[in-house]
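Down below is the structure, laid out as structure tokens.
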Amino acid sequence: MRKAGILLHPSSLPGPCGIGDIGPSARSFVGWLEEAGQQIWQFLPLNPVDGGGSPYNSPSAFAREPLLLSTEDLVVDGWLRQGEVPGFRGNPHRIHFPSLRQAKQRVLDLAADRVAAQVDLDRWAALRPWAGPWGLFAALRGSVGPDWRAWPTALRDGDPRALEEAREQHRGLIHRHLALQWLFELQWGRLRAEARRRGVELWGDMPIFVSGGSCDAWAHKELFRLDGRGYPEVVTGVPPDAFSPEGQLWGHPHYRDEAHAASGYRWWGDRVEGVLALCDQVRVDHFRGFAGVWEIPAHAQRATEGHWIGGMGAPLLEALRDRVGSLPLIAEDLGIITPEVEALRDDFGLPGMAILQFAFGPPFTPEHAYLPHNHRENLVVYPGTHDNNTTVGWFAWAGEEERHWVRRYLGTDGGAIAWNMLRAAYLSPARYAILTLQDALRLGPDARMNLPGVADGNWSWRVSREALNGDVAGGLREEAWIAARTPRR
């Protein structure tokens with residue numbers, strides 16, 4: 001049951017078109033994980049990203065990001081010809097989302113139109129309740145405007161006659177967007193089959209909230225606390241915590257809990273089933289929001305202006321358990337965690353999370369819950385996640401008292417801090433130990449994936465092909481074997 005894994009979003013893989021994808025490079029990475037003795041590949045949400053590349057502010061809780069499609073596989077499958085794929089010019093170690101979307105989307109649209117001419121996409125979409133609304137929503141975003149709240153009133157409010165007219169008018173665009181989702185499902189199926197063949201679990205991620213400008217808020221207004229024009233009455237965020245001393249003002253609309261309960265939590269059941277169709281386990285981002293959420297006035301300028309209110313709690317999780325048969329969920333229980341949050345997590349047998357970088361802050365005592373000797377078995381331990389600095393960067397910027405406590409506890413001078421923290425995570429009693437690939441490669445702060453609360457410059461890091469070599473794999477496999485986290489030496 002003891003397992004080790006790597007956290008890396010597919011966009012960070014090497015590849016030919018300015019962004020990592022779910023084609024040959026992803027299948028090759030699965031093989032590298034097996035070589036490295038890793039049994040888990042964890043990644044960020046696969047939903048469409050926003051303009052800055054964030055998958056946590058997506059226009060859909062159900063659709064997948066087409067930019068992750070492999071042009072190499074599209075050529076092999078006959079949806080593109082080799083000469084139709086442009087060469088990539090730019091920094092191979094960083095994603096530039098504006099230019100990437102402009103260049104890659106053209107060839108993806110060409111492939112999608114060819115799929116639409118040969119595949120019965122209406123029949124495919126009829127089996128997926130989210131697909132039809134997403135196809136229409138995405139088409140309208142491209143033709144009417146990016147924000148549904150600024151659409152003509154009939155379209156904004158979902159007038160049936162206006163929607164039917166729009167479906168007829170934009171039929172080609174709708175099928176194009178559906179074809180991109182059909183292609184994602186096809187390519188992901190190959191990746192998942194390869195992962196199963198290699199004995200690698202795929203762990204996904206599900207943000208607890210969705211964007212107010214999303215298809216979900218437009219198509220299911222009754223499930224969100226929106227005003228008559230579709231704007232949030234109150235918004236989400238968190239008070240000051242270890243990630244942000246000023247708190248974070250996320251700006252998503254809050255759910256209308258009573259409407260979800262009246263529906264038997266159908267939207268949530270559809271959502272969880274959709275994620276589990278792609279993954280073996282799912283991390284629930286901001287799990288504590290099921291127990292209580294931070295409500296901020298819609299026009300507030302600071303997260304500190306909010307207050308706590310109750311969440312959907314046990315009734316939602318019970319409904320999900322009835323729907324999917326079990327709950328292969330991981331509770332991201334970081335931040336301000338109360339006994340109610342812990343009880344909700346433990347009552348449903350969900351693993352929580354521990355971040356080693358947080359273990360060495362004040363009060364600098366052996367009682368800190370995140371220190372490895374205090375870990376419980378049903379836990380996922382990380383040196384740091386995508387929201388943290390790399391371990392090398394964290395240690396370099398830590399205060400002297402914090403570094404001194406690290407040196408005392410780990411018995412190190414800090415010269416190999418990433419590997420020291422790796423071993424501490426692996427030797428933990430926790431069932432699962434996950435490293436970011438950046439920490440496995442001992443990279444510095446320039447390789448950080450995300451800085452919470454900062455809008456620009458995130459989500460763009462990519463690894464070089466040369467870094468995923470046999471020497472690194474061998475070192476990881478040795479450490480995993482020593483800690484009884486892999487049967488392969």
*Is one or more of the residues making up region 209-218 in contact (Cβ under 8 Å) with a residue 24 or more places away in the chain, under 30 Å from ASP120 (Cβ atoms) and not hydrophobic (A, V, I, L, M, F, W, C)?*
yes
_Kindly evaluate ARG89 against the criterion of being surrounded by fewer than 22 Cβ atoms within 10 Å (Cβ to Cβ), assigned to a helix (DSSP H, G or I) and charged (D, E, K, R)._
no
_If I ask for residues that are part of a helix (DSSP H, G or I), aliphatic (A, V, I, L, M) and more than 13 Å from PRO59 (Cα to Cα), which ones from region 132-165 would you list?_
ALA150, ALA154, LEU155, ALA162, LEU163
*asked:* Exactly one of these conditions fails for GLY474: (1) closer than 27 Å to GLY15 by Cβ; (2) more than 22 Å from the chain's Cα centre (by Cα); (3) outside any helix (DSSP H, G or I). Give me its number.
replied: (3)
*Inspect region 46-57 for any residue being assigned to a helix (DSSP H, G or I) and either modelled with pLDDT of 95 or more or surrounded by fewer than 23 Cβ atoms within 10 Å (Cβ to Cβ) (or both) and give the result as yes or no.*
no
*Candidate set: region 360-377, residues that are buried (at least 16 other Cβ atoms within 10 Å of the Cβ) and touching a helix residue (DSSP H, G or I) at 6+ places or on another chain (Cβ under 8 Å); chosen: the one farthest from ARG2 (Cα to Cα)*: PHE360
*Looking at (1) surrounded by 21 or more Cβ atoms within 10 Å (Cβ to Cβ); (2) in a helix (DSSP H, G or I), find the lone condition where ARG485 falls short.*
(2)
*Across region 388-413, what is the total count of residues that are part of a loop (DSSP other than H, G, I, E, B), surrounded by 15 or more Cβ atoms within 10 Å (Cβ to Cβ) and either without any contact (Cβ under 8 Å) to a residue 24 or more places away in the chain or hydrophobic (A, V, I, L, M, F, W, C) (or both)?*
2
*Give me a count of the residues in region 287-332 that are surrounded by 21 or more Cβ atoms within 10 Å (Cβ to Cβ) and either in contact with a Phe, Trp or Tyr (Cβ under 7 Å, 6 or more places away or on another chain) or not charged (D, E, K, R) (or both).*
15
_List pairs: first residue in region 363-383 and part of a loop (DSSP other than H, G, I, E, B), second residue of a type in the set (Asp, Glu) anywhere in the structure, Cβ distance under 7 angstrom, at least six positions apart or on different chains._
PHE364/GLU401; PRO383/ASP439
*Got a number for residues in region 334-350 being touching a Leu at 6+ places or on another chain (Cβ under 6 Å) and either surrounded by 21 or more Cβ atoms within 10 Å (Cβ to Cβ) or of a type outside the set (A, V, I, L, M) (or both)?*
1
*Is at least one residue of region 52-66 among the small types (Gly, Ala, Ser), over 21 Å from TRP203 (Cβ atoms) and free of Cβ contacts under 8 Å to residues at least 60 places away in the same chain?*
no
*asked:* Need pairs with beta-carbon distance below 8 Å; first residue part of a helix (DSSP H, G or I) and within region 105-125, second hydrophobic (A, V, I, L, M, F, W, C) and at pLDDT below 95; sequence gap 6+ or separate chains.
replied: VAL107/VAL85
*Could you check SER460 against (1) under 15 Å from PRO14 (Cβ atoms); (2) touching a Lys or Arg at 6+ places or on another chain (Cβ under 6 Å); (3) buried (at least 22 other Cβ atoms within 10 Å of the Cβ) and say which number it fails?*
(3)
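The values are calculated or read from the model by the stated rules, or taken from the named source; none is laboratory data. Quick caveat, the model's predicted, so the values are computed rather than measured. As a convention, Cβ positions derive from the backbone with ideal geometry for all residues, glycine included, and neighbour counts pool all protein chains shown.
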